[in-house]
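What follows draws every value from the coordinates through simple rules; no lab data is involved. What you are looking at is a predicted structure, and each value in this text was computed from that prediction instead of being measured. Ideal geometry is used to build each Cβ from the backbone, glycine not excepted, and the neighbour counts take in all protein chains shown.
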Amino acid sequence: MRTAIIVILLLVPPITAVAQSTTITITNSACTNPPPPGDVAAPVTPSIAAGTAAARNRNFALARANFLPLAEKGDPDGQRAMGQLLMQDCTGLQDKKAAVGWLIKAAAMGNVAAEDQLGRAYMAGFGVAQDDSRAFSFFNQAAATSDPVAEMEMGYLYLTGRGVAQDRYQGLQWTVKAAEQGNAVALGNIAQAYNRGLVLERDTERAAYFLALANQRATTVQRNELMNIAQEIRQAVSIEDLERASKHAQRWTPGPGSLRDVMSDADDFRRHNHQDK
């Protein structure tokens, strides 16, 4: 998972922006032939939606022309968008230090997506000195709003002890919160926990079920990033079990308490293994 920001349970750090209607998916991979920066006049009515559409069409100069006037006027979503745009490689515009500056401005005004991005920047050392404790602080702020991306990242930090004392049980709690909102990465991490017997008793059928839930809700980028988990689980179960899990998963509806049985399993695991964390 080197195209940036997704969590694979206890394997590698999370750094992937989740694509949303007005969010740019950030990548940090090596690129060839990035477009020239270009210079485009600001539209009469700049907008986040128009800038995002331009970025997705790789017209990054037009994206900047929409985002920058909004950011300079103090619009937190414009500041967040500028930060994301400058953080992204392969645009001809990348400037991670300046990106962090815009994200800090947006986060200071309570922009949750900016807090998520800052958490990832500090985890990876993009534009700032790498600092897991600072990453934890930003993810914690965002998670307080029930943001599923931040909750998923908080799960990772507690599971691995990065930026905070390791507490796998609490890590699973955060992961379940994100998964109950349909977060595909969190669902994949639960699948991995069942498959490896970490925090939860090893159960390959449950692993297959949660993998199916993750795949049904994943974007194309997320599905590619979940591939390592999928391959590992597919080696542990039969094709028939995978097909059965996929059909069963179609009946699940996200929502608060929809995965309470996962935490019940975790409680049983702690009791049987005499574990506090």
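When the Cα convex hull of region 101-251 is projected onto planes of every orientation, the mean area is 9.0 nm².
The string of couplings for region 149-164 from the Karplus curve (6.51, -1.76, 1.60, θ = phi - 60°) is 5, 5, 4, 4, 5, 4, x, 4, 5, 5, 5, 9, x, 8, x, 7 Hz, one whole number per residue in order, with x for Gly and Pro.
Region 167-277: Rg/Rh from Cα coordinates, Kirkwood Rh? Rg/Rh for region 167-277 comes to 0.95.
Using the Cβ-Cβ distance between residue 109 and residue 231 with R0 set to 51 Å, the FRET efficiency works out to roughly 0.75. Once the Cβ-Cβ distance of residue 258 and residue 144 is raised to the sixth power relative to R0 = 25 Å, the FRET efficiency obtained is 0.70.
With semi-axes defined as the square roots of five times the eigenvalues of the C-alpha gyration tensor, the equivalent ellipsoid of region 134-202 measures 19, 14, 8 Å, largest first.
By the count of neighbouring beta-carbon atoms within 10 Å, fewest first, 248, 272 end up ordered 272, 248. Placing R0 at 30 angstrom, the Cβ-Cβ distance between residue 167 and residue 73 gives a FRET efficiency of 0.10 after rounding to 0.05.
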